[in-house]
Protein chains: 4
Amino acid sequence: MILNLDPRSNTPIWEQVVHQIKELILKEILQPEDKLPSVRELSGTLLINPNTVSKAYQELERQGIIETLRGKGTFVSASITPRADEQKIAEMKQQIKQLVIDASYLGIDQQTLTLWIKKFSDELGGHNDHVKND
Amino acid sequence: MILNLDPRSNTPIWEQVVHQIKELILKEILQPEDKLPSVRELSGTLLINPNTVSKAYQELERQGIIETLRGKGTFVSASITPRADEQKIAEMKQQIKQLVIDASYLGIDQQTLTLWIKKFSDELGGHNDHVKND
Amino acid sequence: MILNLDPRSNTPIWEQVVHQIKELILKEILQPEDKLPSVRELSGTLLINPNTVSKAYQELERQGIIETLRGKGTFVSASITPRADEQKIAEMKQQIKQLVIDASYLGIDQQTLTLWIKKFSDELGGHNDHVKND
Amino acid sequence: MILNLDPRSNTPIWEQVVHQIKELILKEILQPEDKLPSVRELSGTLLINPNTVSKAYQELERQGIIETLRGKGTFVSASITPRADEQKIAEMKQQIKQLVIDASYLGIDQQTLTLWIKKFSDELGGHNDHVKND
DNA sequence: GTGGTCTAGACCACT
DNA sequence: GTGGTCTAGACCACA
């Protein structure tokens, strides 16, 4: 598995790993029940510390996105049910608010933002039915 | 000046101060040439250390949003010109991509996101002419 | 007397005043024995604090460039003798070194720097004989 | 790493650190990708507070000269691109003007200034190709 | 181990 | 009065 990691980014590497695995699942490149590379293997190919991969896997498991079967390995969960966690939604709203503010100061208007949202949605879209509940 | 700070948040306090002052300016609660509270005063009302406020002010100054007149105090810049920093725009796109992914896992669809963007834009909108260039 | 002061600059206002009066003298706009405006008058026209003007005058007097006659006012010194203060020359060298370094990082080469030096020298030049000793 | 710090200088210590590291890089004593001493280590050898070193490093990073990899340390940027910041160039011109004026009062003529510029340029020169773009 | 954040408290220059 | 600098010492997240 190849991920695009930027060690200079502000987002911690383990979080980048989480993000990109979530993306691979949405794009159905990783499908339910698929086996993930072992911590050691992934840390080897990504040239990062095993602890970092481990932390990423733990976070993904906490979110119910992957599951560890002892002695067998780590797998994408068979069914990922979106849970409308009140608190997380509040956080997301807050994040969007900040996004709009930052965009303002960069001279980016609402229309452009909406356009980008649509663009990225389409990139993922179509086959992420097992996650979306509509 | 009253700001809403959450010491348990992941975003550092100085950054929360930066964010909220930028918001106050967009909402024109703080207007160009207005004097900001002194470092000591604000640190007093917010119950945080003066150095923390100072760091926030310095960051805002570096962004060209406020100006400090030595011995006199700190003021909102007369004209805030949005600069379309290539790198920051790239970061913002990346952030939006991540937002869309996270939203997916929370069961939030594109339409809802767009709606929220519009909502927050409207909250700020109308009177932020000195920042937006359209 | 009109001076060009920038309250946002990093250089303190009193220092800007010192600089510009020295410049006016080099350009012979202010000539030896000329009377300078009083502290009160200058602080009035420049819209700055009298203490600030006072500090500038004190510094100029310390440098032997102006003289105060009690009850009569402040005057440009009759003869300004350049003193090759070892320490100040060392400081100047240090300053030039830093200038060359900073220029490097701005992509400005030695030739351009030299050109600018010449330009500013010419702007002052020709009639600053009462200061230069060659 | 040994730096020459003067606690009595007007220029703040953190800025002296910034200056001297920039100089070391120009002289290629510090080369691209080289690891800088850790904040704690440098603060130890320089006998200054870690926060002061930290501030210097942060400033250097903001200038794109060094990069920090979280948990790993701080490194000289692989490629340092000189950016001709309009405002900074204007400041530099202003600084040069002031330099010429001060030189006049010290009895230093244009020729000497030019000579010094050349001298310092040569001291740095020859191997600063990764910064200069000519 | 690394850097980042925050606090407390001191001193200084500028206006 | 203002902000800027520096120190001392603490805690935390990241790798």
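A few points about this structure:
- Relative contact order of the stretch A:13-76, defined on C-alpha pairs under 8 angstrom at six or more residues apart (%): 40
- Contact order relative to length of the stretch A:1-123, as percent, for alpha carbon pairs under 8 angstrom and 6 or more apart: 20
- Take D:Asp122: with every protein chain present and a 1.4 Å probe, its accessible area is about 90 Å².
- Cross-link partners of A:Lys72 among lysines (Cα-Cα below 28 Å; sequence separation of 8 or more within a chain): A:Lys22, A:Lys27, A:Lys35, A:Lys55
- Pairs of alpha carbons in the stretch A:1-78 whose separation is greater than 16 Å (percent): 45
- The Cα center of the stretch D:47-95 and the Cα center of the stretch C:2-47 differ in position by 34 Å.
- Remark: label point of D:Ser79 defined 7 Å out from Cα along the Cα-Cβ vector; separations to the same position in other copies 3.5, 5.1, 6.1 nm, ascending.
- Label-to-label distance, B:Arg70 versus D:Asp102, with points set 7 angstrom from Cα along the beta-carbon direction: 1.3 nm.
- Accessible surface of A:Trp116 - all protein chains present, 1.4 Å probe, nearest 10 Å²: 30
- Taking the C-alpha atoms only, the angle from helix C:13-26 to the longest principal axis of chain C is near 90 degrees.
- Among the protein heavy atoms, those of A:Met1 account for about 70 Å² of accessible surface (1.4 Å probe, every chain in place).
- nm² value of the averaged projected area, convex hull over the Cα atoms of the protein assembly as shown: 30.4
- With a simple spin-label model that places each label point 7 Å from the Cα along the Cα-to-Cβ direction, the separation between B:Lys93 and D:Gln58 comes to 3.0 nm.
- Remark: label point of C:Pro12 defined 7 Å out from Cα along the Cα-Cβ vector; separations to the same position in other copies 1.6, 3.0, 4.6 nm, ascending.
- Debye, to nearest 20: dipole size of the protein assembly as shown, +1 on Lys, Arg Cβ, -1 on Asp, Glu Cβ: 860
- Taking Cα atoms only, the orientation of helix C:86-106 departs from the longest principal axis of chain C by about 50 degrees.
- Helix axis angle, B:110-124 relative to chain B longest principal axis, alpha carbon, degrees: 20
- Long-range Cα-Cα pairs in chain A (distance over 25 Å), rounded percent: 36
- Over the protein assembly as shown: helical MRE at 222 nm, DSSP H runs n ≥ 4 each giving -39500 (n - 2.57), nearest 500: -17000 deg cm²/dmol
- Residues whose placed amide H lies under 5 Å from that of C:Leu30, excluding near-sequence neighbours: C:Ile25
The values are calculated or read from the model by the stated rules, or taken from the named source; none is laboratory data. If you're wondering where the values come from, they're calculated on a predicted model, not measured in any experiment. Don't worry about glycine lacking a Cβ; one is built from the backbone with ideal geometry, like all the others, and counts go over all protein chains shown. Heads up: the accessible areas ignore ligands, DNA and RNA and are worked out on the full protein's heavy atoms, side chains in. Shrake-Rupley method; radii C 1.70, N 1.55, O 1.52, S 1.80 Å.
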